[in-house]
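Student: Take this structure first; my questions come after.
The values are calculated or read from the model by the stated rules, or taken from the named source; none is laboratory data. What you are looking at is a predicted structure, and each value in this text was computed from that prediction instead of being measured. Positions of Cβ are backbone-derived with ideal geometry, glycine not excepted, and every protein chain shown enters the neighbour counts. Remember, those area values only see protein heavy atoms, side chains included, never the ligands or the DNA or RNA. Shrake-Rupley method; radii C 1.70, N 1.55, O 1.52, S 1.80 Å.
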Amino acid sequence: MITSLYRLKCAGAALACALGFVGALTATPAAAAKSDIVLCTIDDLSGDFSLMSTPKTYGYKLAVKEINDAGGIKVDGAVKKIKLVSYDGQSDVKRYQELAQRCVFNDEADVVMAGYTGAEREAARKEVVRNKVIYWHNNQGEGGIADKYSFFSGPTPEQQVLPALKAMIKEMGPRMTFIGADYNFCRAIGQWVRVAAGLYGGKIEMEEYFPFGVSQWQSTIDKIKRVKPDFQVHCLVGAEHAQFYPQAQAAGLVTPMWSNVTISDGYEHKRFAPPSLANMYVPPGYIEDVPGEASKAFATKIRAMFPDVVYVNEHAAFGYVAVKAMAEAWKKAGTTAPDAVIKALESDVSLPDAPGGPWTLRGSQHHAAMPTYLFKVDDKHQLQLITELGVNEPTFLTDVGVDMTKKAPGRQFLPSDNPKWQSYFKAP
Amino acid sequence: METAGQIVSWIYQYFDNFGFLLLAGVGLILIYSMMGVINMAHGELMMIGAYVAVSAFHAGAPVLVAIVLAGLGAGLAGVIIEQLVIRHFYNQLLSSLVVTWGISLIISQGTLLLLGPSVMNMPTPLGSFSVGPFAFGVYRLVMFAAALVLIGGVWAIFRWTRLGERAQATMENPAMARALGIDTRRVYMLTFGLGAALGGIAGAMFAMTATISPFFGQNYTPMAFITVVVGGGASPILGLAYAGLYLAGVQTITSNVFNEYVGYVSVMAAAFLALLVMPSGISDFLERRRTRATQR
Amino acid sequence: MREPAKPFGRLLAPFNGQQTLGNSRFFWACWLIIVVALVLLPFIGTRYQVITASNFIISAILALSLCLIWGFCGILSLGQAAFYCIGGYAYGIVAMNLIERHGNTNVAILAGIAAPALFAAVVGALMFFSRLKGVYVAILMLVTSLLLGLFMRQTADPSYTMGAAYLGGMNGLSPATANDPQLPSIILGFGEAVAEFDGRGASFYWLVLGIGIAVYLALRWVVNSSFGYVLVAVREDPERAETFGYDVRLVQLGAFCLSAAIAGLAGTLYTAWGTYIHPDGFSVGANILVVIWVAVGGRKDLTAVIVATMVLSWLSIELATWGEISLLMLGFILVGAMLAAPEGAFIALGTGIGRLRARLRGVGRKAPAVYGVQELKP
């Protein structure tokens, strides 16, 4: 009797906890009737990617502050302010999925902006768009996503890989090697590099992909040295891959390098010891070093609001741009109803004073036209502007036969889907 | 000259891979085999070492002094962690895994909050040498040598010092050791501190080849742990060396014959196979064979 | 000294025994209240809470699967999340290929359970017949999971398709072409008579809740059956169990496969819940998370593990709204919980409150420790 009674007590305790849990779950207050426009953002504020993504929240906060200080936006017959709800995705893909649901159902967000990496983007984006809410991704991406509710403020390979490699081939010669991380983004960049080589007369002598975590590069360095390319194309991601640079330096591999994943996100020229990145060429859409009044003014505003920032990177700029573009669209639509706002966005919303230079969202593409710049990292890790690559229009979706204003297929296209480019993807 | 260079390159890569596994694993195996603690925070101790070394370097200290300071800093952190938390988890492999995972979150996120995305780096010293068309960094050979010195040092401590004797006694039979008047608590504390210091030194050495962030160490922990476990606990130091020899060999061969991707996968597959064939690690397997041979 | 057998008690008898906490009528009464409260959640809570609760229950099923092998059979796997992911992928791939032909996901669900069980049978046979044990099993499973993850992450190339499904690398499973169907949620039934359970709705929640309760009761029955006693015998002393004539390897293999099947079921439900599956689940962090749920709850009791999983999952999401300090706080909570109760905070809490109640009633002042929780020192 004693034993069974005793067990009973233990059980009761465990149950009490469970009851408490149910109570806690149901006690969370439901969202009140909306008097604000809700902007919900999910970014990596802790974990591996926090160094890159935290500045994105600076861009959001600055844009929201500017809009609200100017009085807000008139929608649905009332002047409303923007309410910024910001979550920490903890560099964890599953967390993005969960927090995206929180944004959609709990906060009843009018727009969700989330994700740095492709995996984070897809986890959040799939959840947001299947519930018919507008989604933005605000740093460089591989492009080609044709979805009614998804918009992209950052540069795509059409603005980075194509014009920059054209310049590189002209400057250095046609022979190149490609090494990249083995995942979606770099695989897509690899395809775009093939397209660039095909269009501008380049020749890819070596193309290899590496899993994350590879940190010993001597055998690859030997291979590249044997090929003796005119320049190297890199898509190396993460701290282990970055160990390529000091190892290449020690092994005397000094061939110029080109990479679109370095500097613009992680400001590596500030974080690595010089001269390990010397002779690296990068094509950012925005970084602090981009010339122009708008660029200087933006960096100054960010620094005034967040004095601790080490370097104002593309995340800050395109986060800011996306919020401003949404503000324009809400103003134009006069409502926050998704379909009307999408129509407004698709009417080519334009921001002439964007930090990186005049930025225009192309309605038929859901991607933007913007200027990009080719920089070179010198021996002391200063950035030298080599040339302005000019404003490049996104046309890829049109090329594969998609007009977003008419019908969105709801999938991602890669260069190999373009019939005109088939010959570039045949095995050598 | 081309062939000579190629052969040197293979040998160099082998030493590089081997040194990497030894350095990452040396502090971990000490704590694992002596105390029965899986220290998931080992990478964070390496990170502390890296930050200390880089700060000291920028304050004007010579590289060697910076490395020694890194060892002291991480060792001190280790002793603090041991006193606060680890002493409740001796010989509880799995509970210690969970609790040290928590500690690693606290240290890495705490560092992120404290130092923010501050800029930390340290150039790779010592330049390079070349054979034919191939050139090699000298520093990575120094890392290999340092790994050997550290392992030799640990072995010497255990073989010839009083602390070593007491530690061995504690490892064999803690209750008996206590009965004989050994302060096992102190032995454990010093062992953990020593393991942490070794991690700190390794972190400082890696710091000169990598960028440093609060998450710097996390990438080393899983591979280091796999090496340690493949090595086995029968004679930890030798086991680590065997496992390093074996895994580095597989990696060097496969990554040159195929590519780095195959090399990376092969290391995992090799660890998998080794565990199936030698269920308690390489050193245990060899020890048993030796015993059987002598019995015969 | 037994309680008098009542009809209600006889009904519950198979689920009660020494291997589980909470065998009394009081426990079951509370249990019923909670179940009723959970069933009513869609009527009192918001939609977000219902969706999130589905997610938590799925996590709890995964945690139960680890509890079975770690807590009762003494096998810690650091690769439990791998079975979960295998189940998730198997469900997704089969569902996308068959949904248009069958109109339901019956076969896909079976595949999501069978695939990880088969995989566990192969890996488990290799491990247990090589007499692998302890931390070596844990690491071997971690290596297995990392290898699978390495493979799945590099499937970004468009050539990695299985029928209508494109593996999709780190961006997760998706349709192979624009004409192929999207990953479906759960659709049960035959022919025209089908019922769809959308992961965002209450029906899915009730389905998951039902499955969760079924798994919980089934496991209580298993661990309190004679097989459960053999499991515990193997945990406590494999050699002695062997001398009694049990083939320890077969017992371990059986428990391992059952556990993998349950983890696969959880993975299946997860994929259907978000209509999304990605290879992050094979990573070190995802595998350790399951261990954390079970360890903080107390690996030797099913109920404690469920409660811990729910509380920790809820905490992690709430902390994510706090910004930068979220992971730091989680670290402190973990270390604090483990320091306070190394054998499991929720088992300890249960035992503590139980003792208090006994004292209030003035009985069982010297109540013996509950057998299932008692730590046997070697």
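Student: If you wrap region C:54-148's Cα atoms in a convex hull and average its projection over all directions, what's the area in nm²? Write down the numbers at each step before the final one.
Tutor: Numbers: hull surface 27.2 nm².
Hull-based average projected area comes out at 6.8 nm².
Student: Structure shown: which of A:61/A:166; A:126/A:407; A:56/A:332; A:170/A:223; A:83/A:376 lie over 29 Å apart, alpha-carbon to alpha-carbon?
Tutor: Working: A:61/A:166 37 Å; A:126/A:407 18 Å; A:56/A:332 25 Å; A:170/A:223 24 Å; A:83/A:376 40 Å.
Where the Cα-Cα span goes over 29 Å, the pairs concerned are A:61/A:166; A:83/A:376.
Student: Report, in whole Å, the centroid distance computed from the Cα atoms of region B:36-84 and region A:265-332.
Tutor: Centre-to-centre distance over Cα atoms comes out at 34 Å.
Student: Can you tell me the dipole magnitude for region B:2-218 around its Cα centre, using point charges on the Cβ only (Lys, Arg +1; Asp, Glu -1), in Debye to the nearest 20? Write down the numbers at each step before the final one.
Tutor: On the way: 8 positive and 7 negative charges, 98 e Å.
Around 480 debye, computed over region B:2-218.
Student: Ratio of alpha-carbon Rg to the 2.2 N^0.38 Å globular estimate for region B:2-218, to two decimals, please.
Tutor: On the way: Rg = 18.7 Å, N = 217, 2.2 N^0.38 = 17.0 Å.
That works out to 1.10 for region B:2-218.
Student: Report the equivalent ellipsoid semi-axes for region B:66-166 in whole Å, largest first, defined as the square roots of five times the eigenvalues of the gyration tensor built from alpha carbon atoms.
Tutor: Details: eigenvalues 213, 117, 34 Å².
Equivalent ellipsoid semi-axes, largest first: 33, 24, 13 Å.
Student: Tell me whether region C:89-226 comes out rounded, prolate or oblate; compute the Cα gyration tensor, take square roots of the eigenvalues as a ≥ b ≥ c, and use a/c under 1.5 as the rounded threshold.
Tutor: Details: a/c = 2.38, a/b = 1.19, b/c = 2.00.
Because a/c hits 1.5 or more and a/b fails to exceed b/c, region C:89-226 counts as oblate.
Student: Ok, one more. If you project the alpha carbons of chain A onto their three principal axes, what span does each projection cover, largest first, in Å?
Tutor: Principal-axis extents of the Cα atoms in chain A, largest first: 79, 66, 46 Å.
Student: Regarding region B:174-296, what are the three Cα extents along the principal axes, ordered largest first, in Å?
Tutor: Each principal axis gives a Cα extent; for region B:174-296 these are 56, 49, 18 Å.
Student: Then there's this: Report the residues of region B:55-89 in range of a label on residue B:185: point 7 Å along Cα→C-beta, backbone N strictly under 15 Å from it.
Tutor: B:80, B:82-89
Student: A further question follows. Let me know the Kirkwood hydrodynamic radius for region C:15-361, please, with Cα pairs as the basis and the value in Å to one decimal.
Tutor: Working: mean 1/r = 0.0477 Å⁻¹.
About 21.0 Å, per the Kirkwood formula over Cα pairs.
Student: Right, another one. Test of understanding: what is the full-extension gain from residue C:182 to residue C:332, defined as 0.36 nm times their sequence separation minus their Cα-Cα distance?
Tutor: Working: separation 150, 0.36 × 150 = 54.00 nm, distance 4.10 nm.
Fully extending the segment from residue C:182 to residue C:332 adds 49.9 nm.
Student: So which DSSP H runs in chain B come out at 30 Å plus along the axis (Cα) with average Kyte-Doolittle of at least -1.0?
Tutor: Details: long enough: B:2-35 (49 Å, 1.03); B:63-84 (32 Å, 2.18); B:93-115 (32 Å, 1.85); B:138-160 (32 Å, 1.70); B:184-207 (34 Å, 1.03); B:236-257 (31 Å, 1.06).
Taking the DSSP H segments of chain B (at least 30 Å long, mean hydropathy at least -1.0), we get B:2-35, B:63-84, B:93-115, B:138-160, B:184-207, B:236-257.
Student: Still on this structure: Relative contact order for chain B: what is it in percent, counting Cα pairs under 8 Å that are at least 6 residues apart?
Tutor: Numbers: 463 pairs, mean separation 93.9, N = 296.
So the answer I get is 32 percent.
Student: Then there's this: Working with all protein chains in place, sort A:403, B:183, A:308 by solvent-accessible area computed with a 1.4 Å probe, largest first.
Tutor: Values: A:403 50, B:183 85, A:308 130 Å².
If we order A:403, B:183, A:308 from most to least accessible, we get A:308, B:183, A:403.
Student: Given N residues in region A:333-387, what is its alpha carbon radius of gyration divided by 2.2 N^0.38 Å?
Tutor: Details: Rg = 16.9 Å, N = 55, 2.2 N^0.38 = 10.1 Å.
Region A:333-387 yields a ratio of 1.67.
Student: Using only the alpha-carbon atoms, how far is helix A:118-130 inclined from the longest principal axis of chain A? Give it as 0 to 90 degrees, nearest 10.
Tutor: 50 degrees
Student: Sticking with the crude label model, points 7 Å out along Cα→Cβ, report the distance from residue B:173 to residue B:258 in nm, one decimal please.
Tutor: Once both label points are built, they end up 4.9 nm from each other.
Student: Working with all protein chains in place, sort C:324, A:66 by solvent-accessible area computed with a 1.4 Å probe, largest first.
Tutor: Numbers: C:324 80, A:66 50 Å².
From most exposed to least exposed: C:324, A:66.
Student: Could you work out how far helix C:80-102 tilts from the main Cα principal axis of chain C, as a 0 to 90 degree angle to the nearest 10?
Tutor: 40 degrees
Student: Computed FRET efficiency, Cβ-Cβ of residue A:293 and residue A:426, R0 51 Å: what is it to the nearest 0.05? Walk me through the numbers on the way to the answer.
Tutor: Numbers: r = 47 Å, r/R0 = 0.92.
Efficiency computed from Cβ-Cβ geometry: 0.60.
Student: Of A:67, C:113, which has the most accessible area with a 1.4 Å probe, and how do the rest follow in descending order?
Tutor: Details: A:67 15, C:113 50 Å².
The most accessible residue leads, giving C:113, A:67.
Student: Going by average Cβ neighbours within 10 Å, how do the peptides C:300-310, C:280-290 rank, with the highest at the top? Working shown, then result.
Tutor: Details: C:300-310: 29.0, C:280-290: 22.7.
Highest-to-lowest ranking by the protection proxy: C:300-310, C:280-290.
Student: Ok, one more. Would you mind computing, in nm to one decimal, how far apart the modelled labels at residue C:250 and residue C:324 are, each placed 7 Å from Cα along Cα→Cβ?
Tutor: Calculated label separation equals 6.0 nm.
Student: Between region C:67-116 and region A:74-125, how many Å separate their Cα centres?
Tutor: Using only Cα atoms, the two centres lie 30 Å from each other.
Student: Between residue C:237 and residue B:291, what FRET efficiency follows from the Cβ-Cβ distance if R0 is 35 Å, with the result rounded to 0.05? Mind showing how you got there, number by number?
Tutor: Working: r = 24 Å, r/R0 = 0.69.
Efficiency computed from Cβ-Cβ geometry: 0.90.
Student: May I ask for the percentage of alpha-carbon pairs in the protein assembly as shown that lie more than 61 Å from each other? Show your work: numbers first, answer last.
Tutor: Values: 53242 of 606651 pairs.
Within the protein assembly as shown, distances greater than 61 Å cover 9 percent of Cα pairs.
Student: With only Lys, Arg, Asp and Glu charged, each at its Cβ (+1 for the first two, -1 for the last two), find how big the charge dipole of the protein assembly as shown is about the Cα centre; round to the nearest 20 debye.
Tutor: On the way: 82 positive and 74 negative charges, 634 e Å.
Around 3040 debye, computed over the protein assembly as shown.
Student: Using 1/(1 + (r/R0)^6) with R0 = 45 angstrom and r between the beta carbons of residue B:59 and residue B:273, what's the FRET efficiency to the nearest 0.05?
Tutor: Working: r = 48 Å, r/R0 = 1.06.
The calculated FRET efficiency here is 0.40.
Student: Next question, about the same structure. Assuming a ≥ b ≥ c are the square roots of the Cα gyration tensor eigenvalues, decide whether region A:306-428 counts as rounded (a/c under 1.5), prolate (otherwise, with a/b larger than b/c) or oblate. Write down the numbers at each step before the final one.
Tutor: Details: a/c = 2.42, a/b = 1.08, b/c = 2.24.
Judged from the Cα gyration tensor, region A:306-428 comes out oblate (a/c at least 1.5, b/c at or above a/b).
Student: Can you pull the accessible area of residue C:76 for me, 1.4 Å probe, Å² to the nearest 10?
Tutor: Here the accessible area works out near 10 Å².
Student: If you don't mind, another one. Only sites in a loop by DSSP and with at most 12 other Cβ atoms within 10 Å count here; which GluC sites (Glu not before Pro) in region C:134-240 make the cut? List each step's numbers first, then the result.
Tutor: Details: sites: C:192, C:196, C:236, C:239; in loops: C:192.
Passing both the DSSP loop test and the Cβ count: C:192.
Student: Same structure, new question: Would you grab the residues whose amide H sits under 5 Å from the one on residue A:42? Only those 5+ places off in sequence or on another chain, please, with H modelled 1.01 Å from N.
Tutor: A:87, A:113, A:114, A:115
Student: What's the percent breakdown of Cα-Cα distances in region C:270-368 across 5 Å bins, shortest bin first?
Tutor: Using 5 Å bins, I get a P(r) of 2, 12, 16, 19, 19, 13, 8, 5, 4, 3, 1 for region C:270-368.
Student: Follow-up question, since we're still on this one. Based solely on its DSSP helices, what 222 nm [θ] is calculated for chain C when runs of n ≥ 4 H residues each add -39,500 (n - 2.57) and the sum is averaged over all residues, nearest 500 deg cm²/dmol? Don't skip to the end; give the middle numbers.
Tutor: Values: 14 runs with 244 residues, N = 378.
Helices in chain C give a 222 nm mean residue ellipticity of -21500 deg cm²/dmol.
Student: Apply the Debye scattering formula to region A:161-259, with a single equal point scatterer on each alpha-carbon and no solvent, then give log10 I(q)/I(0) at q = 0.12 Å⁻¹.
Tutor: Those come out to -0.34, one per q.
Student: As I understand it, the value is the acute angle between the Cα axis of helix C:248-274 and the longest principal axis of the Cα atoms of chain C; what does it come to in degrees, rounded to 10?
Tutor: For C:248-274 against chain C, the angle is about 50 degrees.
Student: DSSP loop (so not H, G, I, E, B), at most 16 other Cβ within 10 Å: list which chymotrypsin sites (Phe, Trp or Tyr not before Pro) in region B:206-296 pass both filters.
Tutor: Values: sites: B:206, B:215, B:216, B:220, B:225, B:242, B:246, B:258, B:261, B:264, B:272, B:285; in loops: B:215, B:220, B:258.
Answer in residue order: B:258.
Student: Would you work out the relative contact order for chain A, in percent, from Cα pairs under 8 angstrom that are 6 or more residues apart?
Tutor: Numbers: 843 pairs, mean separation 72.8, N = 428.
It comes to 17 percent, rounded to a whole number.
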